[in-house]
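The values are calculated or read from the model by the stated rules, or taken from the named source; none is laboratory data. These figures come from a predicted structure and were not determined experimentally. No Cβ is skipped: glycine too gets one built from the backbone with ideal geometry, and neighbour counts run over all protein chains shown. In case anyone asks, the SASA skips ligands and DNA or RNA and just uses the protein heavy atoms, side chains included. Shrake-Rupley method; radii C 1.70, N 1.55, O 1.52, S 1.80 Å.
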Amino acid sequence: MPALIMAIILGLTTAAGGGAVYASQDALPDSALYPVKQMVESVQTAVAAGPEGRAAAHLALAETKLKELDRLQGRPAAAQHLAAAADRLAEHQAAADAGLAQAKAEGKDVDALVAKLGANAQRHQAVLQRVLDKAPDQAKPALRHAMEVSQRGLQNAIERQSEPHGNRSE
């Protein structure tokens, strides 16, 4: 009987945890579920296979952070949350760029990811500028930094598209 009770408790706990993970997908930094979302994001990048897999995971998470920035505009206490989201966006952009550079150096075919990074960086510039124009002064340095990182990513993507494929055998 105690084993059955333990199994039921374990099942309910697992279901509740899965529900929290699911519910956290759209959480913003001012939400109680945001730490759950951050934990899931950390796991996503940790389990990604190889530098191109990590780059792809970071590209996806950069898109998530960009959407968060857009949604945070005009919310109470937006300045600190905008700055934090902009910092995380810049971190994911830089990590994606570094992963692409590593994969390219290893001779991996990263053309599709490089093209995606370039397209994302252009969109990021537009959204970041729009958010920057309306942001409180306290958030502006972090937003400008995210714009700089995005611009570097765009420049690197353009350069990588014109480079040969390195050590990859054709």
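A few points about this structure:
- The heavy atoms of HIS58 present about 30 square angstrom of accessible area, all protein chains included, probe 1.4 Å.
- Cα-centre dipole for the range 91-159 with unit charges at Cβ (Lys and Arg positive, Asp and Glu negative), debye to 20: 260 debye
- Length gained when the stretch ILE158-GLN73 is fully extended (0.36 nm per residue, less Cα-Cα span): 27.5 nm
- Net lengthening on full extension, ASP30/GLN125 (0.36 nm per residue, minus Cα-Cα): 31.8 nm
- In terms of the mean number of neighbouring beta-carbon atoms within 10 Å, the peptides 30-42, 131-143 order highest first as 131-143, 30-42.
- 21 Å Cα-Cα reach of LYS134 towards lysines, excluding residues that sit fewer than 8 places from it in its own chain: LYS65, LYS67
- Debye equation applied to the C-alpha atoms of the range 42-137, log10 I(q)/I(0) at 0.14, 0.18, 0.20 Å⁻¹: -0.53, -0.78, -0.91
- Fully extended contour minus Cα-Cα distance, from GLN80 to HIS145, at 0.36 nm per residue: 21.9 nm
- Pairwise Cα separations in the range 81-125 fall into 10 Å bins from 0 onward with the following percentages, short to long: 26, 48, 21, 5.
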